[in-house]
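To start, the structure under review is shown below, and the notes come after it.
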Ligand code: HEC
Ligand SMILES: [Cu+2]
């Protein structure tokens, strides 16, 4: 409704402008036949130039005042100075997952996202629950890009990659929980240690789905000849979990699995996930999709990290 009114006003202003220009032409044409009166012409010319000068000055003032008054707040803060935001979220992109810590923020106070990448360029984009994009910045290896955003509505926000970064680019998604200002932040970090086995199993499913399912699939079946299946996998079902922990901590590449050599790399997760998270993910793999292998503890992972 208001948009229609504004459009009509603009339209009338444009019509008036066209009318003024047309009037000028008509005036010139109507005067063109008259012989030049030297003295009078010179005077008129002089006045016209003065008027021109004034009009130009007025236009300049209108231009600068108008430009300044309609300036919008620029969303990219200075990149090298401390920003002092109350909430800081570290974001690391990697083919093909996001590591976001913490994964819960509050509404009402500004959040500083520090965004970087471990491998290639990615695009960090944040979508509101209604699927509208609210902010975005580039995730670049070797740089940390900062972007500020103040959430007004709680809900589950979605993170997506906006820069094509290879095979599983479209699967590179993650969620960010936004809670109302007064609410306590129930982060998934440290969720293990809550109510025992149930929360560990939930953590395992979450860690796997957030970080591993993009390649190995939620079904644990992988993608034939691209990503190995973990259902019935010899390392995952082995009684001795040493190799399993080692591969998840440090990654591996080019090792034939059941006669298939995979071109892609299994990334190491030691620097991104805590001992609890790695143990939970490993146990998820060892007890899902028909696997029944002995489970591990966070202490086992910690011990192997030291070797
Ligand atoms: C970017 C894709 C990708 C992601 C993400 C990924 N993996 Fe892998 N994973 C692979 C590939 C490729 C291999 C095979 C590596 C090789 O050549 O030996 C593999 C191998 C493995 C193996 C060893 C299988 C064997 O028989 O040697 C395990 C265990 C494993 N991944 C667990 C995980 C866990 C746990 C996560 C999440 C924390 C994860 N992977 C995330 C691609 C991925
Ligand atoms: Cu990407």
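Computed from the coordinates by the stated procedures, all read-outs in this text should not be read as laboratory data. Being a predicted model, the structure only gives us computed values, none of them experimental. Because the Cβ atoms are built from the backbone with ideal geometry, glycine has one as well, and the counts that use them run over all protein chains shown.
For the reader, a short list of remarks on this structure follows.
- Cα long-axis angle, helix 275-287 against the chain (0 to 90 degrees, to the nearest 10): 60 degrees
- Cβ crowding within 10 Å, taken as a proxy for footprinting-reagent exposure, orders 164, 262, 68 from fewest neighbours to most as 68, 164, 262.
- For the chain, the spherically averaged projection of the C-alpha convex hull amounts to 27.1 nm².
- The simple Förster model, with R0 at 22 Å and r as the Cβ-Cβ distance, assigns residue 110 and residue 70 a FRET efficiency of 0.40.
- Value of relative contact order over segment 87-179, rounded to a whole percent, pairs C-alpha under 8 Å and six or more apart: 32 percent
- Enclosed volume per residue, in Å³, of the convex hull spanned by Cα atoms of segment 88-142: 87 Å³
- Spacing of the modelled spin labels on residue 13 and residue 31, each 7 Å from Cα toward Cβ, amounts to 2.8 nm.
- DSSP-defined antiparallel bridges as percent of all bridges, segment 87-179, nearest 5: 70 percent
- Efficiency of FRET from Cβ geometry, residue 242 and residue 287, R₀ 22 Å, rounded to 0.05: 0.75
- Under the simplified labelling scheme, the residue 302-residue 219 pair shows an inter-label distance of 3.9 nm, with each label point 7 Å from Cα along Cα→Cβ.
- Our helix-only sum for the chain, with -39,500 (n - 2.57) per DSSP H run of n ≥ 4 divided by its residues, gives a mean residue ellipticity at 222 nm of -12500 deg cm²/dmol.
- Here the Kirkwood formula, the inverse mean of 1/r across different C-alpha pairs, assigns segment 196-305 a hydrodynamic radius of 13.8 Å.
- Cα gyration tensor shape for segment 35-109, rounded if a/c is under 1.5, else prolate or oblate: prolate
- Shape box of segment 65-118 [Cα atoms, principal axes, largest first, Å]: 47, 25, 20
- Share of Cα-Cα pairs in segment 87-179 lying beyond 24 Å, as whole percent: 13 percent
- The chain - percent relative contact order, Cα under 8 Å, separation 6 or more: 11 percent
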